[in-house]
Amino acid sequence: MNKAKVEPTSIVDENAIIGDGTRVWNFVHVRENAKIGEKCVLGDYVYVGRGVTIGNGVKLENRATVYEGVTIEDKVFVGPHVTFTNDLIPRSFSTGWKILQTLVKEGSSIGAGTVIVCGVTIGEYALIGAGSVVTANMPPHALAYGNPARVREFVCKCGRTLKTEEKKKNYVLMKCPFCEEKHKIPMEDYARMKK
């Protein structure tokens, strides 16, 4: 027996899958063939489109809109009013539009009011600042913000800014001053930093 808790004001299509321990709050709409993992939270007025896949332990805050073509892996935080798009040439009269796939990888966080333009990948444990517009792939552990969002720093799994310890030919060794975890950031990702 599924132990998900769905508020009666929400609409969940009969072909959607909601994992055990997931909480679906008021006025949420989950479309057909969407798959939502275990122990997730979908805040008020969240929209989950057709065929969207959401992993375990994901939090979608109030009024987040996740349209068809999006995959969100485990332990991702999506802030309030975040919008995922799925069409680069939107026309109300288009008959041949193509959905572009978007991937949000494990442990990443997306700040409130951010727009994710379709066709990008947000790397593991990346942190996207509030109000950003993401138009390009973001590497793992990137702290990115702005319009368009640009890599500004790198962050640990715990969310704190990493400090540079040593630069090698192919990577930069960085360390978290809070939890002391070390990370190897590929030089090509490190070189994308804009202050």
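Quick note: the coordinates plus some simple rules give every number you see, no bench work behind them. None of the values given here were measured: they were computed from a predicted structure. Counting neighbours? That spans all protein chains shown, and the Cβs are built from the backbone with ideal geometry, glycine included.
Scalar couplings 3J(HN,Hα) for the range 39-45, obtained by applying the Karplus form with A = 6.51, B = -1.76, C = 1.60 to θ = phi - 60°, are 6, 9, 10, 10, x, 3, 6 Hz; x denotes Gly and Pro. Annotation: the residues Val52, Val66, sorted from fewest to most other C-beta atoms within 10 Å of their own C-beta, follow the order Val52, Val66.
The amide H of Val172, built 1.01 Å from its N in the peptide plane, has Ile185, Met187 as neighbours under 5 Å, considering only residues 5 or more places off or on other chains. Database remark: amide H of Ile54 closer than 5 angstrom to the amide H of Lys35, Ile36, Gly37, Ile72 (H placed geometrically; neighbours at sequence offset of 5 or more, or on other chains; Pro and chain starts carry no H). Matching the structure-derived semi-axes √(5λ) of the Cα gyration tensor in Å against the labelled list (i) 34, 18, 14; (ii) 31, 20, 13; (iii) 32, 16, 15 gives the label (ii).
When +1 charges are put on Lys and Arg Cβ atoms and -1 charges on Asp and Glu Cβ atoms, the dipole computed for the range 56-195 relative to its Cα centre reaches about 480 debye. Peptides 134-144, 111-121, 160-170, ordered by how many other C-beta atoms sit within 10 Å of their residues on average, highest first, read 134-144, 111-121, 160-170. Counting only DSSP beta bridges with both residues in the chain, the antiparallel share comes to about 30 percent.
Looking at this model, which pairs from Lys163/Lys184; Lys59/Lys105; Lys39/Lys105; Lys157/Lys194; Lys167/Lys194; Lys3/Lys35 are more than 19 angstrom apart at the alpha-carbon? It would help to have the intermediate numbers written out before the result.
On the way: Lys163/Lys184 11 Å; Lys59/Lys105 14 Å; Lys39/Lys105 17 Å; Lys157/Lys194 21 Å; Lys167/Lys194 17 Å; Lys3/Lys35 15 Å.
Beyond 19 Å: Lys157/Lys194.
Sequence-ordered 3J(HN,Hα) estimates for the range 160-166 from the Karplus curve with 6.51, -1.76 and 1.60 and θ = phi - 60° stand at 7, 5, 7, 10, 6, 9, 7 Hz, glycine and proline given as x. Using a ≥ b ≥ c from the Cα gyration tensor of the range 86-195 (square roots of the eigenvalues), is it rounded, prolate or oblate, where a/c under 1.5 gives rounded and otherwise the larger of a/b and b/c decides, a/b for prolate? Because a/c hits 1.5 or more and a/b exceeds b/c, the range 86-195 counts as prolate.
Along the axis of the charge dipole computed for the range 104-184 (Cβ charges of +1 for Lys and Arg, -1 for Asp and Glu, origin at the Cα centre), the listed residues Cys158, His183, Val117 are led at the positive end by His183. FRET efficiency for the pair Ala136 and Lys175, taken as 1/(1 + (r/R0)^6) with r the Cβ-Cβ distance and R0 = 22 Å, rounds to 0.25. Taking amide H as placed 1.01 Å from N in the peptide plane, Leu127 has its amide H under 5 Å from the amide H of Ser109, Ala142, Leu143, Ala144, each at least 5 places away in sequence or on another chain. Taking 0.36 nm per residue of separation and subtracting the current Cα-Cα distance, fully stretching the chain between Met187 and Asn26 would add 53.5 nm. Helical content alone sets the calculated 222 nm signal of the chain at -500 deg cm²/dmol, taking -39,500 (n - 2.57) per DSSP H segment of four or more residues and averaging over every residue. Restriction of the chymotrypsin sites (Phe, Trp or Tyr not before Pro) in the range 33-110 to DSSP coil positions whose beta-carbon has at most 10 other beta-carbons within 10 angstrom yields Phe93.
Positive end of the dipole of the range 16-106 (Cβ unit charges, origin at the Cα centre): among Thr53, Ile99, Val82, the Cα lying farthest that way belongs to Ile99.
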